[in-house]
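Take a look at the structure set out below.
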Amino acid sequence: MQKRVTFSHRYLPYLLVAPQIIITVIFFIWPAGQAVVQSVLVEDAFGLSTEFVWFENYQELFADPSYLQTFYRTIVFSFSTAALAMGFSLLLAVMADRIIKGESVYKTMLIWPYAVAPALAGVLWFMMFNPTIGIISFLLGKVGVSWNHYLNGDQAFLLVVIAAAWKQISYNFVFFLAGLQAVPRSLIEAAAIDGAGPFRRFWSIVFPLLSPTTFFLLVVNLVYAFFDTFAVIHATTQGGPAKATEILVYKVFNDGFIGLDLGGSAAQSVVLMVIVIVLTIVQFKYVERKVAY
Amino acid sequence: MATIKIDGLKKRYANGFEAIHGIDLDVADGELVVIVGPSGCGKSTLLRMVAGLETITEGTLSIDGTVVNDHEPGQRDIAMVFQNYALYPHMSVFNNMAYGLRNRGVGREEIKRKVADVAAILELGDLLDRKPAQLSGGQRQRVAMGRAIVRDPKVFLFDEPLSNLDAKLRVQMRIEIKRLQRRLGTTSLYVTHDQVEAMTLADRLVVMNAGRPEQIGTPMDIYTNPASMFVAGFIGSPAMNFLALERMEGGRLRLPGSEAMLAEDDGSNGAPVLGIRPEHMRTVGTAADADIVLSVDAIEPLGADTLVYGRALGQEGEIVLRLGGSHSIGEGDNLPVAFDRNHLHFFDRANGRRADVRT
């Protein structure tokens with residue numbers, strides 16, 4: 001008995017996988033290769049001459065305090081966004097799990113934000129927090145908080161974290177809710193009989209049992225915050241004020257397309273590529289395998 | 001040590017479905033009461049109401065004289081063994097057992113000592129560091145028991161604890177549970193759909209049907225004196241045979257096609273039925289001495305007993321006969337069968353209750 005799939009024609013299998021391969025090569029492998037090549041070149045401002053400089057671009061990058069600052073900022077941004085998005089969605093999921101009436105309406109409405117384009121999500125929050133016309137900044141003003149993210153870097157940072165996290169809450173909510181519903185009811189009941197109150201039940205039984213979901217979402221959220229938040233930032237603060245919201249992906253764009261330092265920008269994107277690869281390996285190694293509790 | 005008093009307990013769900021129509025039950029200190037019935041009869045709901053996992057619609061529930069209707073499960077000082085064991089999968093056996101004690105603020109040293117004691121009783125000493133996933137079905141069952149025992153609660157509640165075990169282990173654990181309950185003397189409620197389990201474990205039995213208790217009594221009382229056709233058919237294996245009776249003039253009752261008058265009634269029973277257990281029939285030499293003649297259509301030799309299945313003239317249902325030892329009866333034989341006159345039961349098919357007759 002032959003278990004392998006056999007094709008009548010020699011080239012048929014190659015033809016069938018060709019579309020996938022072609023797309024991957026054109027849109028992923030080739031640009032990535034270009035970035036690697038570009039990252040060892042220096043080009044003059046007018047694009048007339050290029051020079052091969054070995055790893056000078058990288059050396060400059062890691063010697064540049066503003067790059068390291070951005071690196072640090074990105075890490076803070078990613079973990080803040082992930083923590084906010086996960087914490088809030090877990091809270092929503094726990095509440096949705098208890099709802100009996102109108103359950104589907106509630107769930108559907110919580111999933112909607114995921115369909116909103118990142119740039120729109122950014123603008124939405126930008127408008128609400130707008131120091132001149134924003135409703136939230138107006139209300140904050142009433143309670144004595146002066147909000148101006150055009151001037152205040154910390155407030156701008158908080159704004160992009162909120163906007164980026166809001167976008168991700170729906171996604172996390174769906175996973176957390178599924179995870180919560182997979183926790184057997186009898187375990188909760190056993191814990192109740194064992195004298196554990198609602199909070200203790202949650203922290204000692206439900207939360208540990210959710211850990212595979214939580215770990216998976218942590219990786220996904222970090223990746224999202226690292227790489228997919230360009231639109232949110234570009235639509236709101238554009239990295240400002242004074243680079244307070246400039247994260248790595250934004251710096252790649254800024255240095256490359258605004259500052260026209262193509263070599264340095266390419267080197268940055270290669271660094272980002274390495275980070276993606278590491279995160280992917282982590283995900284495959286630990287997430288794909290079930291996290292043991 | 002505690003008593004349970006269930007007084008007019010009712011359960012109605014939000015959608016209007018009434019799961020329990022009212023039940024009264026007093027459980028004495030140290031007694032093991034088994035609630036038995038087919039699935040959907042409300043037995044688990046009743047147990048869950050006692051546990052505090054379901055709200056009580058009407059009536060009162062008292063444990064040790066205190067009304068606990070509005071107490072949280074954790075405040076009722078009960079322990080429950082679930083059908084699927086409900087062991088915490090992320091905790092070791094030790095932590096599973098210690099969890100309830102920790103929640104009640106028992107000291108670290110005392111927890112260690114108590115868990116060790118219980119582990120010794122249940123032979124779990126070597127397994128304390130394992131996770132539930134690394135245990136066999138029987139071991140998980142014992143951990144679930146241990147988790148209940150270690151807290152030394154007033155009441156044990158068992159919700160079909162043996163139904164996930166294989167047949168051999170089930171018999172073994174059944175004996176173990178009974179022995180343990182006797183040794184600890186803890187008042188217990190035990191829910192099962194298995195009538196053998198019910199008969200062997202119970203001090204007293206509650207047979208439930210469609211949200212109502214059909215009969216409450218000792219196992220032997222229920223076996224020898226079933227209050228209804230439902231109870232008679234549910235308790236005992238193979239189930240009791242029911243035979244239609246004819247009413248002659250003067251209210252005398254007989255089997256169709258038979259001359260022997262079995263009883264007399266005043267005509268108030270709608271459709272009189274005779275109940276006779278398979279073990280209370282015997283074969284006789286000639287048709288003249290027989291109550292019925294069974295045309296045999298199947299035989300099951302069990303070694304110690306032989307079950308004979310067949311049909312009789314004028315009777316719709318199949319009739320089962322249990323004979324001691326082995327017999328050379330063949331399919332298609334006509335077997336004259338006589339009834340043990342001391343073990344006849346009469347019911348009224350119209351309402352299913354025991355009929356009032358003179359024999």
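If you place +1 on the Cβ of every Lys and Arg, -1 on the Cβ of every Asp and Glu, and leave all else neutral, what size is the dipole of the protein assembly as shown about its Cα centre, to the nearest 20 Debye?
Values: 58 positive and 63 negative charges, 188 e Å.
The calculated dipole for the protein assembly as shown is roughly 900 debye.
Are there GluC sites (Glu not before Pro) in segment B:190-285 that DSSP puts in a loop and that have at most 15 other Cβ atoms within 10 Å, and which ones? Can you show the working numbers first?
Details: sites: B:197, B:214, B:246, B:249, B:259, B:264, B:279; in loops: B:259.
Here the sparse-neighbourhood loop sites are B:259.
For the protein assembly as shown, with the dipole built from +1 on Lys and Arg beta-carbon atoms and -1 on Asp and Glu ones, taken about the Cα centre, which of A:81, B:14, B:243 lies farthest toward the positive end?
Result: A:81, furthest along the dipole toward the positive end.
Could you give the size of the charge dipole of segment A:64-290 about its Cα centre, using +1 on the Cβ of each K and R and -1 on the Cβ of each D and E, expressed in debye and rounded to the nearest 20?
Working: 14 positive and 11 negative charges, 115 e Å.
Dipole of segment A:64-290, to the nearest 20 debye: 560 debye.
Determine the percent antiparallel among the DSSP beta bridges restricted to the protein assembly as shown, to the nearest 5. Show your work: numbers first, answer last.
Values: 57 of 75 bridges.
Here the share of antiparallel DSSP bridges comes out near 75 percent.
Sort A:159, B:307 so the one with the fewest other Cβ atoms within 10 Å of its own Cβ comes first.
Ordered from fewest to most neighbouring Cβ atoms within 10 Å, A:159, B:307 come out as B:307, A:159.
Find how many whole Å separate the alpha carbon centroid of segment A:47-92 from the alpha carbon centroid of segment B:190-204.
Cα centroid to Cα centroid, the span is 68 Å.
Of A:16, A:34, A:241, which is farthest towards the positive pole of chain A's charge dipole, taken about the Cα centre with +1 and -1 on the beta-carbons of Lys, Arg and Asp, Glu respectively?
A:16
Please turn the phi angles of segment A:219-224 into ³J(HN,Hα) values with the Karplus equation 6.51 cos²θ - 1.76 cosθ + 1.60 (θ = phi - 60°), one per residue in order, whole Hz, x for glycine and proline.
Karplus-based 3J(HN,Hα) across segment A:219-224 equals 5, 4, 5, 5, 4, 4 Hz.
Mind checking which of A:254, B:268, A:282 is farthest towards the positive end of the protein assembly as shown's charge dipole, using Cβ charges of +1 (Lys, Arg) and -1 (Asp, Glu) about the Cα centre?
Sorting the options by dipole projection puts first A:254.
Counting Lys and Arg as +1 and Asp and Glu as -1, each charge on the Cβ, what is the dipole of chain B about the Cα centre in debye, to the nearest 20?
Values: 41 positive and 47 negative charges, 315 e Å.
About 1520 debye.
Between 0 and 90 degrees, rounded to the nearest ten: what's the tilt of helix B:108-121 against the longest Cα principal axis of chain B?
That helix lies at roughly 30 degrees to the long axis.
Shape of segment A:1-100 from its Cα gyration tensor (a ≥ b ≥ c, root eigenvalues): rounded if a/c is under 1.5, otherwise prolate when a/b > b/c, or oblate? Show your work: numbers first, answer last.
Values: a/c = 3.41, a/b = 1.02, b/c = 3.33.
Cα axes put segment A:1-100 in the oblate bin.
Return the FRET efficiency for the residue pair residue B:300, residue B:264: r is the Cβ-Cβ distance, R0 is 35 Å, and the value is rounded to the nearest 0.05. Write down the numbers at each step before the final one.
On the way: r = 36 Å, r/R0 = 1.03.
Rounded to the nearest 0.05, the efficiency is 0.45.
Decide, for segment B:12-127, between rounded, prolate and oblate: order the square roots of the alpha carbon gyration tensor eigenvalues as a ≥ b ≥ c, take rounded if a/c falls under 1.5, and otherwise choose prolate if a/b is larger than b/c, else oblate. Before the final figure, lay out each step's value.
Details: a/c = 2.12, a/b = 1.91, b/c = 1.11.
Note, shape of segment B:12-127 comes out prolate.
Give me the distance between the Cα centres of segment A:215-293 and segment A:110-179, rounded to whole Å.
Their Cα centres are 20 Å away from one another.
Obtain the nm distance between the two label points defined at residue A:199 and residue B:64 by a simple spin-label model: each point lies 7 Å from its Cα along the Cα-to-C-beta direction.
Taking the simple label geometry, residue A:199 and residue B:64 are separated by 2.8 nm.
What number, rounded to the nearest 500 deg cm²/dmol, is the helix-based mean residue ellipticity at 222 nm of chain A, given -39500 (n - 2.57) per DSSP H run of at least four residues and division by all its residues? Don't skip to the end; give the middle numbers.
Values: 14 runs with 185 residues, N = 293.
One gets -20000 deg cm²/dmol as the mean residue ellipticity at 222 nm.
Shielding by partners for A:199-212, please: the mean number of other protein chain Cβ atoms within 10 Å of each residue's Cβ.
Details: counts 0, 4, 2, 0, 0, 7, 5, 0, 1, 4, 3, 0, 1, 0.
The mean count of partner-chain Cβ atoms within 10 Å per residue comes to 2.
If a/c stays under 1.5 just call it rounded; otherwise compare a/b with b/c (prolate if a/b is bigger, oblate if not). Do that for segment A:64-290, with a ≥ b ≥ c from the square roots of the Cα gyration tensor eigenvalues.
On the way: a/c = 2.43, a/b = 1.48, b/c = 1.65.
In terms of gyration-tensor shape, oblate.
Laboratory data are not the source of any read-out in this text; all were calculated from the coordinates shown. Keep in mind that what you see is a predicted model, and the values were worked out from it rather than measured. Don't worry about glycine lacking a Cβ; one is built from the backbone with ideal geometry, like all the others, and counts go over all protein chains shown.
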